[in-house]
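Reading through the structure tokens given below for one structure.
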Amino acid sequence: MRITVEIREDAFRTPKTARQIEEEMRQAAAVFWVARGDVAPEAVNDITAPSPPEKEGTLMDLLLSMPDVGEDADFERPVDYGRSVVEFD
């Protein structure tokens, strides 16, 4: 289960990282749910364990996920013959 919460950064007296807030919320939720009887005390370690990091795709995965739009010629560089040479007398 994924829960998203938006909290203003200035709500804290001392700055916190998103990771710190995540850990504190997991611990607080576990204590609350155990006290209320919703969760067995044995399950607290599973709740408070950090979630595994999401795997980021490679650049090739990103490029392959893009839609195929337009003709290849639309994206080619125009032919550049350079500037003409100006000769002064």
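The values are calculated or read from the model by the stated rules, or taken from the named source; none is laboratory data. The model shown is predicted, which means the values in this text are computed figures rather than measured ones. Cβ: placed from backbone, ideal geometry, glycine included. Neighbour counts: every protein chain shown.
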(message) Just to check your reading of the model, which residue among K55, K16 is among the basic types (K, R) and at pLDDT below 85?
(response) K55
(message) For the stretch 12-46, which positions are surrounded by 13 or more Cβ atoms within 10 Å (Cβ to Cβ) and of a type in the set (G, A, S)?
(response) A29, A30, A43
(message) Of everything in the stretch 51-89, what is within 32 Å of the chain's Cα centre (by Cα) and of a type in the set (G, A, S)? Give them in sequence order.
(response) S51, G57, S65, G70
